[in-house]
1. Ignoring ligands, DNA and RNA, what percent of the 1.4 Å accessible area of the chain is carbon and sulfur?
2. Quick one: net charge of Gln39's neighbours, Cβ under 14 Å, K/R +1, D/E -1?
3. Quote the convex hull volume per residue of the chain, based on C-alpha atoms, as a whole number of Å³.
4. With only alpha-carbon pairs counted, each pair once and no self-pairs, how large is the Kirkwood hydrodynamic radius of segment 18-69 in angstroms?
5. Applying a 10 Å radius around every beta-carbon, put 7-14, 77-84 in order of their mean neighbour count, most first.
6. Compute, for segment 26-78, the length of the dipole vector about the Cα centre, with Cβ point charges of +1 (Lys, Arg) and -1 (Asp, Glu) only. Units Debye, rounded to 20.
7. Would segment 43-91 count as rounded, prolate or oblate if I go by the C-alpha gyration tensor, calling it rounded below 1.5 in a/c and otherwise prolate when a/b exceeds b/c, oblate otherwise?
8. How much area per residue is accessible in segment 13-109 when the probe is 1.4 Å and only protein heavy atoms are counted (Å²)?
Amino acid sequence: MIDNLPKLIAIYIVAENSGDTEALAKCFAEHAVVRDEGQTIEGLAAIKQWMAETRRKYQHTVEPLASVQIEDKTIVTNRLTGNFPGSPIDLEFVFTLDGNKIVSLEIRS
């Protein structure tokens, strides 16, 4: 499935699964916003911290199952497996890209 994703999102998924916070951070714009678990994380420094904390907390992997483009958003349904109740679960990652950077990511059930 990863072959069907936009290149930047495929890079994000590979970096997410490897736990490479620096590679993940390179996917985001300096002013990017992430919405996850009822939180809004703004700016690259805060996003890097969120990524590291999430990795430590959940020790998860992401498997893309489906992808759809709706206007300026790419919605990827992913199966997350990790150290959390109900694992595995399917979540939607809603990406908004600007050129070669993620400017917005919303993770929703």
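1. Solvent-exposed carbon and sulfur of the chain make up 49 percent of the total.
2. Residues close to Gln39 contribute a combined charge of -2.
3. Dividing the Cα hull volume of the chain by its residues yields 92 Å³.
4. Result for segment 18-69 stands at 12.1 Å.
5. So the order, starting with the most tightly packed, is 7-14, 77-84.
6. 260
7. Since a/c reaches 1.5 but b/c is at least a/b, the shape of segment 43-91 is classed as oblate.
8. It amounts to 55 Å² per residue over segment 13-109.
The values are calculated or read from the model by the stated rules, or taken from the named source; none is laboratory data. Just so we're clear, the structure is a prediction, and the values are computed from it rather than from any experiment. Please note: Cβ atoms are built from the backbone with ideal geometry, for glycine as well, and neighbour counts cover all protein chains shown. Remember, those area values only see protein heavy atoms, side chains included, never the ligands or the DNA or RNA. Shrake-Rupley method; radii C 1.70, N 1.55, O 1.52, S 1.80 Å.
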